[in-house]
1. Hey, among Ala38, Ala59, Ala30, which residue is within 8 Å of the ligand (Cβ to nearest atom) and closer than 21 Å to Asn139 by Cα?
2. Out of the residues in region 17-27 that are within 13 Å of the ligand (Cβ to nearest atom) and either farther than 20 Å from Asp194 by Cα or at pLDDT below 95 (or both), which is surrounded by the most Cβ atoms within 10 Å (Cβ to Cβ)?
3. Take the conditions within 11 Å of the ligand (Cβ to nearest atom), in contact with a helix residue (DSSP H, G or I) (Cβ under 9 Å, 6 or more places away or on another chain), part of a helix (DSSP H, G or I) and β-branched (Val, Ile, Thr) and apply them to Val64. Does it pass?
4. Only residues that are outside any loop (DSSP other than H, G, I, E, B), at negative phi and not hydrophobic (A, V, I, L, M, F, W, C): list them for region 1-35, please.
5. Pairs under 7 Å by beta carbon, first residue within 10 Å of Ala26 (Cα to Cα) in region 43-54, partner small (Gly, Ala, Ser), six or more apart or different chains?
6. Output the residue which, of all residues in region 73-126 that are within 13 Å of the ligand (Cβ to nearest atom) and of a type in the set (Lys, Arg), is farthest from Asp221 (Cα to Cα).
7. When residues of region 7-16 are filtered for being more than 10 Å from the ligand (Cβ to nearest atom) and surrounded by fewer than 24 Cβ atoms within 10 Å (Cβ to Cβ), how many remain?
Amino acid sequence: MSLKGKSALVTGGARGIGKAIALKLALNGADIIVNDVADIETMKNTVDEIKKLGVGCEALKADVSNESEVKDMVSYILEKYGKIDILINNAGITRDGLLVKMKESDWQLVMDVNLKGVFLCTKSVIRSMMSKRSGCIVNISSVVGITGNPGQANYSASKAGIIGFTKSAAKEVGSKGVRINAVAPGFIYTDMTDSLPEAVKSKFLENIPLGRYGEAEEVADVVLFLCEERSRYITGQTIPVDGGLAL
Ligand code: NAP
């Protein structure tokens with residue numbers, strides 16, 4: 001129960017990697033606020049599963065790329081819980097396509113949700129964390145933010161942006177007791193990757209030294225570590241969880 005008494009906000013937490021992270025933090029004692037753009041009803045299953053672990057949990061609908069929705073969500077949490085100890089910036093989308101055919105709207109949407117969303121959520125919680133001289137933020141980047149990937153110029157740029165953001169922000173707030181790190185998952189089996197063409201999936205598999213896709217829980221394990229006291233001397237880092245894909 002390393003996170004007992006802590007409250008954690010997980011964006012895009014209704015399903016996939018976000019849900020696995022929310023469950024992992026809950027299993028270790030944290031109260032969880034699940035954020036998503038999904039309807040509250042859709043988030044209910046996740047909330048019920050988390051509550052069964054004996055921690056507090058509620059769902060808040062907000063689009064992380066919308067400044068006023070993010071501000072309202074964070075104000076509500078701070079008023080109700082008095083603090084946010086942990087922020088997991090997990091919400092993310094893809095709009096894949098070759099650069100020559102990529103629409104400006106697909107570029108912008110991916111940058112808005114994946115990168116601006118991280119900025120908005122971090123900015124909204126950071127004052128409260130700094131004033132308590134304690135806090136932990138984990139941003140979910142991607143291995144393609146390190147390696148690049150054809151057909152994902154928008155997505156990989158947003159995920160590379162998260163890595164730079166993480167380093168800069170960590171340098172700004174480290175002296176105030178706040179740590180900010182990122183995790184760069186490789187190919188993790190979720191709805192996001194399930195929709196990829198078979199040819200793309202098997203190409204990924206060929207390049208994974210550990211010879212298999214990853215599981216959301218394997219990302220969640222590293223996120224948990226980065227939220228725990230035992231990682232107290234780590235900040236500004238991006239840790240790949242990719243079976244060796246980026247090597
Ligand atoms: P997923 O299954 O598609 O789940 C993403 C979640 O984010 C969904 O619940 C989605 O809600 C929510 N979301 C989307 N836009 C949002 C917004 N504007 N505001 C709040 N929530 C929003 O994806 P995943 O595979 O779990 O990925 C989670 C994170 O890991 C993403 O940042 C992704 O880029 C990253 N990642 C994934 C992989 C992988 O292999 N799966 C690899 C590297 C990095 P709706 O369902 O309602 O749209």
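1. From the options Ala38, Ala59, Ala30, the qualifying one is Ala38.
2. The qualifying residue surrounded by the most Cβ atoms within 10 Å (Cβ to Cβ) is Ala22.
3. For Val64, the condition - within 11 Å of the ligand (Cβ to nearest atom), in contact with a helix residue (DSSP H, G or I) (Cβ under 9 Å, 6 or more places away or on another chain), part of a helix (DSSP H, G or I) and β-branched (Val, Ile, Thr) - is not met.
4. Hits for region 1-35 are Ser7, Gly18, Lys19, Lys24, Asp31, Asn35.
5. Cβ pairs passing all conditions: Ile50/Ala22; Ile50/Ala26; Leu53/Ala26.
6. Here the residue is Arg95.
7. Qualifying residue count, region 7-16: 1.
Quick grid of which residues meet (1) without any contact (Cβ under 8 Å) to a residue 40 or more places away in the chain; (2) within 14 Å of the ligand (Cβ to nearest atom); (3) farther than 29 Å from Ile208 by Cβ:
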site	(1), (2), (3)
Ala153	no, no, no
Ser158	no, yes, no
Gly164	yes, no, no
Asn181	no, no, no
Ala184	no, yes, no
Asp191	no, yes, no
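The values are calculated or read from the model by the stated rules, or taken from the named source; none is laboratory data. Source: prediction; values computed, not measured. Using ideal geometry, Cβ is built from the backbone for each residue, glycine included, and neighbour counts are taken over all protein chains shown.
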